[in-house]
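J.: A single structure is presented below for examination.
The values are calculated or read from the model by the stated rules, or taken from the named source; none is laboratory data. Just so it is clear, the model here is predicted, and its values are computed rather than measured. Ideal geometry is used to build each Cβ from the backbone, glycine not excepted, and the neighbour counts take in all protein chains shown. Surface accessibility is based on the protein's heavy atoms, side chains included, excluding ligands, DNA and RNA. Shrake-Rupley method; radii C 1.70, N 1.55, O 1.52, S 1.80 Å.
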Amino acid sequence: MTAPQTPKPFVAACVQMRGGRDPAVNREDALRAVREAAAAGAAYVQTPETTSLIERDRTALFEKVGPQESDATLAALREVARAEKIVLQIGSLAIRDGEKIANRAFLIDAAGEIQTSYDKLHLYDVDLPNGESWRESATYSRGDCAVVAETPLASLGLTICYDLRFPALYRALAEAGATVMTAPACFTRQTGEAHWHILQRARAIETGSFMISAAQGGRHEDGRETFGHSLIVDPWGRILAEADGDRPGVILAEIDLAKVADARARIPTLSHARSFSVRRA
């Protein structure tokens with residue numbers, strides 16, 4: 001019996017954005033950057049969390065967000081994926097979900113079809129040392145299912161932003177077959193400066209996987225500041241590509257899945273893990 005072959009290396013791209021309050025402007029920025037990435041040879045392109053809209057005012061957000069079926073950004077990005085014949089991961093879009101909004105990622109295949117979607121599992125309800133306070137649960141619905149997407153390029157584990165702080169999720173995705181983890185984000189500047197790089201590298205090392213994470217960066221129209229520094233990290237924790245601070249742009253790196261097999265064979269934490277109980281002494 002012939003052993004299964006590792007897929008060929010491919011070029012992945014992250015689109016870094018500085019989204020604002022106008023979905024039409026954000027859409028054109030995203031389309032332009034996706035086309036740039038495809039022209040540079042990317043077979044897989046990822047946009048950041050909240051690709052279509054960054055709006056902190058709840059009333060204004062609900063006025064600008066509709067159901068999935070009528071989302072203009074989703075339709076436009078599906079068309080560009082089909083035209084460019086790429087696998088496109090929309091980091092997330094704000095989608096009307098009853099009385100709340102879903103923070104929903106979409107994986108679009110090279111025919112422009114929606115292969116799958118993922119609703120963010122962990123909502124960002126935090127109080128930061130600089131006085132910033134966030135309560136995503138007041139506006140957003142909570143996802144309840146992790147997703148591994150099988151593509152011709154790789155098996156992708158889909159996550160979004162705050163999910164990055166929950167290592168059990170990434171272990172579960174790796175155990176389910178994911179070889180590339182994705183964490184498109186809208187990380188605040190304060191937490192990004194402290195934790196972004198180390199969390200990305202840790203998730204890659206712990207699971208022996210690539211991490212691909214497109215980010216929002218800079219000062220946005222609604223007043224927030226995000227960290228940027230979109231990253232592509234290999235299974236050994238090495239940074240293969242990083243965006244220029246918080247500036248919009250495109251980064252690219254080669255993804256060779258043979259490195260996943262090598263890292264997991266050298267340090268086989270996935271197979272060495274044991275179940276255990278905890279005893280208080």
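J.: Report, ordered by the first and then the second residue, all pairs with beta carbons closer than 8 Å, sequence separation of six or more or different chains, a first member in segment 122-133 that is closer than 14 Å to ARG56 by Cβ and open to solvent by less than 60 Å² (accessible area, probe 1.4 Å), and a second member that is of a type outside the set (S, T, N, Q) and modelled with pLDDT of 75 or more.
T.: Going by the 8 Å Cβ cut-off, the qualifying pairs are TYR124/GLU136; TYR124/CYS161; TYR124/TYR162; SER133/ASP127.
J.: Scan segment 66-78 and report the pairs whose first residue is under 11 Å from THR51 (Cβ atoms) and whose second residue is modelled with pLDDT of 95 or more and of a type in the set (Ser, Thr, Tyr), with Cβ atoms within less than 7 Å and a gap of 6+ or a chain change.
T.: Partner pairs satisfying both residue conditions: THR73/THR51; THR73/SER52.
J.: Only residues that are among the hydroxyl-bearing types (Ser, Thr, Tyr) and in contact (Cβ under 8 Å) with a residue 24 or more places away in the chain: list them for segment 254-275, please.
T.: Across segment 254-275, the qualifying residue is only THR269.
J.: While we're on this one: Identify, please: which residue in segment 24-69 is polar (S, T, N, Q) and surrounded by 13 or more Cβ atoms within 10 Å (Cβ to Cβ) and is, among those, farthest from the chain's Cα centre (by Cα)? Walk me through how you get there before you give the answer.
T.: So in segment 24-69, the residues polar (S, T, N, Q) come out as 26, 46-47, 50-52, 59, 68.
Applying the additional criterion that residues be surrounded by 13 or more Cβ atoms within 10 Å (Cβ to Cβ) yields 26, 46-47, 50-52, 68.
Values: ASN26: 17, GLN46: 7, THR47: 7, THR50: 10, THR51: 11, SER52: 14, GLN68: 19 Å.
The selected residue is GLN68.
Rundown of residues vs (1) outside any strand (DSSP E or B); (2) touching a Lys or Arg at 6+ places or on another chain (Cβ under 8 Å); (3) free of Cβ contacts under 8 Å to residues at least 40 places away in the same chain; (4) farther than 14 Å from ARG18 by Cβ, yes/no style:
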| position | (1), (2), (3), (4) |
| --- | --- |
| ALA168 | yes, no, yes, yes |
| ALA178 | yes, no, yes, yes |
| THR191 | yes, no, no, yes |
| LEU199 | yes, yes, yes, yes |
| ILE212 | no, no, no, yes |
| GLY237 | yes, yes, yes, yes |
| ALA241 | no, no, no, yes |
| ASP246 | yes, yes, no, no |
| LEU252 | no, no, no, yes |
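J.: Does segment 100-114 contain at least one residue that is in a strand (DSSP E or B), surrounded by fewer than 16 Cβ atoms within 10 Å (Cβ to Cβ), touching a strand residue (DSSP E or B) at 6+ places or on another chain (Cβ under 9 Å) and modelled with pLDDT of 95 or more?
T.: Yes, some residue in segment 100-114 is in a strand (DSSP E or B), surrounded by fewer than 16 Cβ atoms within 10 Å (Cβ to Cβ), touching a strand residue (DSSP E or B) at 6+ places or on another chain (Cβ under 9 Å) and modelled with pLDDT of 95 or more.
J.: What about ARG264, is it under 23 Å from VAL148 (Cα atoms), crowded, with 20+ Cβ neighbours inside 10 Å and among the charged types (D, E, K, R)?
T.: No; evaluated as a whole, the condition is false for this residue.
J.: Sort out which residues of segment 138-164 are buried (at least 21 other Cβ atoms within 10 Å of the Cβ), touching a residue at least 60 places away in the same chain (Cβ under 8 Å) and small (Gly, Ala, Ser), and write them in order of number.
T.: Scanning segment 138-164 gives a single hit, ALA154.
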